[in-house]
Every structure is written in structure tokens, then in C-alpha cells.
Amino acid sequence: MIRRAKAEDVEAIAALFRRSFGTLTFLPTLHTADEDRAHLAGVVAKQDVWVAEEDARVVGFLALEKDLGTFFYVDPDAHGRGIGSALFEQARRPAGRVQLLGLPEERPGTLFL
């Protein structure tokens, strides 16, 4: 199920972000879990954030600031099940287009549309 994120989702979103970002071993970890949680709480409060849920568990999220995607992560254990595609389609609905910035590395978990 895809739905809008709520303040109560921040803990799960931050944990998912840490797990997903941890797979990007070519990037250094610059922030603590508490710093990530605080930043993502602001993102949820100020941006248009969508979450994907399976069995009442957040397995992906996408944040938009107008038509720019600022965060787009899927739990590494949930890759290959269409979650990223479903989030992307939800994000495209209002305006018909979304810009996503990606990393130049092509590794599992870093597919950017």
C-alpha cells in the first residue's frame, strides 16, 4: 500500500534510510542515526512524502519538494518487488513529471529513474 507519510512514520523511515544508505559502501556515513531522524522529521513535516507499506511495515519512501525528488529509498530486503516503481508512479500523478537526481555509481539499490 502506498500512502502519505505521517509524523509517526519518522522512526521507521529513518531506520529504512540507514539500512538502505548502508548498502552504498562507496559513500561515507556522515551523520548519526539521531541526526538522520531529526532531519527526516523535518522532511516529513515540510515535503510531500509517500511511504510504501507491507504487513504494516514501511518498506520504501519517496520525498518530493515540488517536482524534485529529494529522497527515494526502498528497503534492501524488498528490492525487486515493484515498490520503487509504485512509489515513483504515485509521485508522478499530480504533475505528471518528477526529477530525480542520482549517483553516478551503478550498484544494486542505486537505480535512479
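The numbers here are math on the coordinates, done by the rules we state, and not lab data. Bear in mind that the values here come from a model prediction, so they are computed numbers and not experimental data. Note that we place each Cβ from the backbone using ideal geometry, even for glycine, and neighbour counts take in every protein chain shown.
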- Query: Which residues, counting only those in the range 12-36, are within 13 Å of the chain's Cα centre (by Cα) and either within 26 Å of LYS66 (Cβ to Cβ) or surrounded by fewer than 12 Cβ atoms within 10 Å (Cβ to Cβ) (or both)?
  - Reply: ALA12, ILE13, ALA14, LEU16, PHE17, SER20, PHE21, ASP36
- Message: Quick check on the range 7-30: of everything there that is outside any loop (DSSP other than H, G, I, E, B) and not hydrophobic (A, V, I, L, M, F, W, C), which residue is nearest to HIS79 (Cα to Cα)?
- Response: SER20
- Query: Which members of the range 32-47 meet the condition of being without any contact (Cβ under 8 Å) to a residue 24 or more places away in the chain and in contact with a helix residue (DSSP H, G or I) (Cβ under 8 Å, 6 or more places away or on another chain)?
  - Reply: ALA33, ASP36
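Yes/no per residue for (1) crowded, with 21+ Cβ neighbours inside 10 Å; (2) within 14 Å of ILE13 (Cα to Cα):
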site	(1), (2)
GLY42	no, yes
PHE61	yes, yes
LEU68	no, no
VAL74	yes, yes
ASP77	no, no
ARG81	no, no
SER85	no, no
